[in-house]
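Worksheet for the structure shown next.
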Amino acid sequence: MREYYITKNDSGQRLNKFLEKAVPLLFGGMMHKYLRLKRIKVNGKRTEAAYRLCEGDAVQLYLNDEYFNAPREEEAFRRITQPQVRIVYEDENILLADKAPGMVVHADEHGDTNTLIAHIQAYLFQSGAWNPEDAASFAPALCNRIDRNTGGIVICAKTAEALRILNERIKDRELEKRYLCVVHGRPVPPEGVIENYLRRDEKRKQVTLHKTRVPGAKTAKTRYRTLASSGKLSLVECELLTGRTHQIRAHMASIGCPLLGDGKYGTNELNRPYRENGQLLYAYSLTFRFEQNAAALSYLNGRTFYVQHIPFVEKYFPNYHIQQDK
């Protein structure tokens, strides 16, 4: 027999929804069968699938071990003995992590489970901040994602309430994200807004830009400003006014200033002398600008968080200090 005690994170949801997450191998038909047979109970009593769980409820499952023993990607955190998490900020609701370039945020098509979320979950588990046995259907989750070769701030919600609020605020564009990148050449003008339409080619894993709307294209808008120039390179800050795949990379290339190290939207001829393995792009700043009620996260409104050390900035623009722009 397995027993789950319902915490605040799991309360308010239907029993069947909880079971779908807690025991994913228990398919719908079998779930309803075991409910009828009283092999699934709440507080020791027969319960309907539609029952809404309350904090403090005990869910008892009289099921065979085969429903629990299958390996799951979600268990990857248990295999990490020394979590690698660079924390920008943490409180009881959220964690802001500085993702290193080269690390994936979630398992990719190659099945790589050495991911940022696995390391964050391992860190929270080992520190005692999260116990998966206390909240079987909720695990700390990422609210945004960035490309493998891009570094910077990624938001992790530590509670179900924080995840819900942040997903809503991100959808309504109430979080301001700024990036630093090193580009070839000097943007002309040195600052401005690039706006056009972007269409994603799933087969090529690449985007194309269009001056007018075409089928499948979405509006893409980026504000940029040049912070410093040295030789053939410039340090540029970009603010995403829309959040499209590869938006900054495609936009900077469109004005003749592709990112250093970007082989997809730049050229090997320009990149070769610098021997960089990926685009030099970093999500270095995050500001919470809530326009609606953020409930339990209201205290974050107006706050800005920065990554202080970016290797490529220190390498190519050693005299530029991020803190001077606060």
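The values are calculated or read from the model by the stated rules, or taken from the named source; none is laboratory data. Every value quoted in this text rests on a predicted model; they were computed, and no experiment measured them. Using ideal geometry, Cβ is built from the backbone for each residue, glycine included, and neighbour counts are taken over all protein chains shown. Heads up: the accessible areas ignore ligands, DNA and RNA and are worked out on the full protein's heavy atoms, side chains in. Shrake-Rupley method; radii C 1.70, N 1.55, O 1.52, S 1.80 Å.
Residues in region 161-174 include at least one that is farther than 27 Å from G102 by Cα, within 15 Å of the chain's Cα centre (by Cα) and among the hydrophobic types (A, V, I, L, M, F, W, C). Does region 21-44 contain any residue that is loosely packed, with under 14 Cβ neighbours inside 10 Å, without any contact (Cβ under 8 Å) to a residue 24 or more places away in the chain and within 25 Å of L163 (Cβ to Cβ)? Yes, because at least one residue in region 21-44 is loosely packed, with under 14 Cβ neighbours inside 10 Å, without any contact (Cβ under 8 Å) to a residue 24 or more places away in the chain and within 25 Å of L163 (Cβ to Cβ). Count of region 43-58 residues, restricted to those that are over 14 Å from S137 (Cβ atoms) and in contact with a helix residue (DSSP H, G or I) (Cβ under 8 Å, 6 or more places away or on another chain), is 6.
D98 meets each of the listed conditions (1) in a strand (DSSP E or B); (2) more than 20 Å from the chain's Cα centre (by Cα) apart from (2).
Listed by position, the strands (runs of 3 or more DSSP E) enclosed by region 131-245 that each have at least 3 residues that are open to solvent by 70 Å² or more (accessible area, probe 1.4 Å) are 191-201, 217-230. Here N144 passes the criteria (1) under 18 Å from T245 (Cα atoms); (2) at pLDDT 95 or above except the one numbered (2). Scanning region 99-114 for residues that are modelled with pLDDT of 70 or more and surrounded by fewer than 16 Cβ atoms within 10 Å (Cβ to Cβ), which turns out nearest to Y282 (Cα to Cα)? Out of the qualifying residues, it is A100.
Against the conditions (1) within 25 Å of V154 (Cβ to Cβ); (2) of a type outside the set (S, T, Y); (3) at pLDDT 95 or above; (4) surrounded by fewer than 17 Cβ atoms within 10 Å (Cβ to Cβ), N293 satisfies every one except (3). Among the strands (runs of 3 or more DSSP E) confined to region 1-91, the ones with at least 1 residues that are closer than 24 Å to L124 by Cβ are located at 2-5, 58-61, 87-90. When each of T47, T81 is tested for being open to solvent by 20 Å² or more (accessible area, probe 1.4 Å) and of a type in the set (S, T, Y), the lone residue that passes is T81. Answer yes or no: is there a residue in region 116-126 that is assigned to a loop (DSSP other than H, G, I, E, B), more than 28 Å from I6 (Cβ to Cβ) and under 15 Å from the mean Cα position of the chain (by Cα). Taking every residue of region 116-126 in turn, none turns out to be assigned to a loop (DSSP other than H, G, I, E, B), more than 28 Å from I6 (Cβ to Cβ) and under 15 Å from the mean Cα position of the chain (by Cα). Please determine whether any residue of region 184-202 is modelled with pLDDT of 95 or more and touching an Asp or Glu at 6+ places or on another chain (Cβ under 7 Å). No, region 184-202 contains no residue that is modelled with pLDDT of 95 or more and touching an Asp or Glu at 6+ places or on another chain (Cβ under 7 Å). Scanning region 246-290 for residues that are part of a helix (DSSP H, G or I), among the charged types (D, E, K, R) and buried (at least 21 other Cβ atoms within 10 Å of the Cβ) turns up just one, R249.
Checked against (1) open to solvent by less than 30 Å² (accessible area, probe 1.4 Å); (2) under 19 Å from A100 (Cβ atoms), Y306 passes all but a single condition, namely (1). Candidates are the residues of region 50-69 that are among the small types (G, A, S) and loosely packed, with under 12 Cβ neighbours inside 10 Å; the one that is nearest to M1 (Cα to Cα) is G56.
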